[in-house]
Amino acid sequence: MAHEELHLNLRNLAVEDYDQLRALMDSIYDDIGGAWPKDTIKALVEQFPDGQICIEDSGQLIAVALTVCVKYERFSNPHTYDDLILRNEKILHNPKGDSLYGLDVFIHPKYRGYRLGRRLYEARKELCRSMNLRAILAGGRIPNYYKYSDQYTPAEYIQRVDRKEIYDPILTFQLSNDFQVTRLMHKYLPEDKKSLGYATLLEWRNILYTPPSAVLDTKKTQVRLGAVQWQMREFSSVEEVLKQVEYFVDALSDYKSDFALFPEFFNAPLMGLTDQMDQTRAIRFLAGFTDQFREQMSEMAVSHNINIITGSMPLLEDERLYNVSYLCHRDGRVDEQRKIHITPHERRDWVIEGGNDFQVFESDAGRVAIMICYDIEFPELGRIAASQGVDIIMVPFWTDTKNGYLRVRQCAQARAIENECYVVITGSVGNLPKVENLDVQYAQSSVFSPSDFAFPHDAVMAETTPNTEMIMFSDMDLEKLKLVRAEGSVTNLKDRRVDLYELLKK
């Protein structure tokens, strides 16, 4: 049949379609009993109309998918086809079920090759997502097994079909539609002589499924981030800096941001209040204000109802100096992340040491990691964060030249792509002629996404004007991360060769 003659229409099945459906089922299933009675189909359509999907061509029924709702715990375990059939050939449908069960998909032989089965499967998946159900389950016949039963066990046959060494009209199709074989079932349909009574238990998991919970316990999936591209300027006191900080926090909060991100060493202008001849002493002078910044920015997070990543600042502990960032949660909690990798300048001029612990933090707006400037240039940390389910990597940075900035930017975008997460970078701009080693700044703050169809074409979600003090906003959809990780054009996280290499965290 020429494709230009087709007039396809995807819709829900109606009871009035039964005569056409019976003829179609009788022609396809002549070896296992043919069509179901009209009362069976009528009950399916009436009890679960959304689950009965068909395709017609110019009014002629040519493809059908029949579906019911079931409890996952019951039907994700071994069962038989008869477990779905009640008395008088009524099909089990549980309106309180948390999963779909694919009873059948069948296509008119003349229309095979037009990928109509894929359309029906995609419609089922959309139904599963829209109903917030856990999974789609199905018992899959293996009708070519009888040809190979003297050579392979059922398990070996399934493996060879999976490796495309053997073609099976049902199993091959189901595997190509992202279903996974979870079990081999015996005596599923004893009259199925071609499958010798065997069947696979197949499952497609809805990665967007959210278990029922109280409204207040529901995690946000739409997250708004605000970042401050901070102007370095002279300050006469800590209070003056904090006043500027609160100005930005208040502005970001007014726009309903879930996060406020500040740059690395944004409070460094305070070093201008002490002697610049001894840089080691100057950075320790700055560290004397860190407790005050942490406490007051934590208070701002609570009072303005926004999570604040405090950029970074020096922390003196047991006469050792660290570069530290704080995540001040809006519920009052405070988490700490120390910079792991220390630049030659920090080590040489300020005698800063690297931290020894890296973690992903659970927030009320996603799982967050903080990588301070140089840390983003080391892919291992991104790999660790991805293994812990990170959604957003926050990167407060300070760079003096454009080439230094580009190292941060390009590496940040690489982390977003390879770890299938969002990465946000923000830095400072302007000049500080009275502060040694921080006299010039270069920055363009940005938000990067994975590179796939669900995201901007250049994988840049937002960015600022270079070298201009401003705030930046970006709305992030955490559900899109789940989709790209499971069903993206490429799936970096799933496809890593962990059989060849792995990353060990001490």
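Observations on the structure shown:
- Sole residue being in contact (Cβ under 8 Å) with a residue 60 or more places away in the chain and on the phi < 0 side of the Ramachandran plot, chosen from Val245, Val249, Val238, Val228: Val228
- Within the stretch 33-67, the set of residues being among the polar types (S, T, N, Q) and on the phi < 0 side of the Ramachandran plot comprises Thr40, Gln47, Gln52, Gln60, Thr67.
- Some residue of the stretch 478-495 being surrounded by fewer than 16 Cβ atoms within 10 Å (Cβ to Cβ), modelled with pLDDT of 90 or more and among the small types (Gly, Ala, Ser): yes
- Scanning the stretch 101-130 for residues that are on the phi < 0 side of the Ramachandran plot, without any contact (Cβ under 8 Å) to a residue 12 or more places away in the chain and of a type outside the set (Asp, Glu) returns Arg112, Ser130.
- Odd one out for Ser253, checked against (1) in contact with a Phe, Trp or Tyr (Cβ under 8 Å, 6 or more places away or on another chain); (2) assigned by TED's automatic domain parsing to the domain that holds Ile425; (3) outside any strand (DSSP E or B): (1)
- Of all residues in the stretch 1-47, those satisfying the criterion of being under 22 Å from Ile85 (Cβ atoms), in contact (Cβ under 8 Å) with a residue 24 or more places away in the chain and hydrophobic (A, V, I, L, M, F, W, C) are Leu13, Val15, Leu21, Leu24, Met25, Ile28, Ile32, Trp36, Ile41, Ala43, Leu44, Val45.
Listed here are the residues, each with its yes/no results for (1) of a type in the set (Lys, Arg); (2) in a loop (DSSP other than H, G, I, E, B).
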residue: Lys96; (1), (2): yes, yes
residue: Tyr101; (1), (2): no, no
residue: Asp104; (1), (2): no, no
residue: Tyr114; (1), (2): no, yes
residue: Glu122; (1), (2): no, no
residue: Glu126; (1), (2): no, no
residue: Ile136; (1), (2): no, no
residue: Gln151; (1), (2): no, yes
residue: Val161; (1), (2): no, no
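- Within the stretch 1-55, the set of residues being among the acidic types (Asp, Glu) and assigned to a loop (DSSP other than H, G, I, E, B) comprises Asp30, Asp31.
- Spans of strands (runs of 3 or more DSSP E) in the stretch 346-415 with at least 2 residues in contact with a helix residue (DSSP H, G or I) (Cβ under 7 Å, 6 or more places away or on another chain), within 21 Å of Val324 (Cβ to Cβ) and in contact (Cβ under 8 Å) with a residue 12 or more places away in the chain: 392-396
- Whichever residue in the stretch 375-401 is among the hydroxyl-bearing types (Ser, Thr, Tyr) and either touching a Lys or Arg at 6+ places or on another chain (Cβ under 7 Å) or surrounded by fewer than 17 Cβ atoms within 10 Å (Cβ to Cβ) (or both) and, among such residues, is farthest from Leu503 (Cα to Cα): Thr401
The values are calculated or read from the model by the stated rules, or taken from the named source; none is laboratory data. Bear in mind that the values here come from a model prediction, so they are computed numbers and not experimental data. Note that each Cβ is placed from the backbone with ideal geometry, even for glycine, and that neighbours are counted across all protein chains shown.
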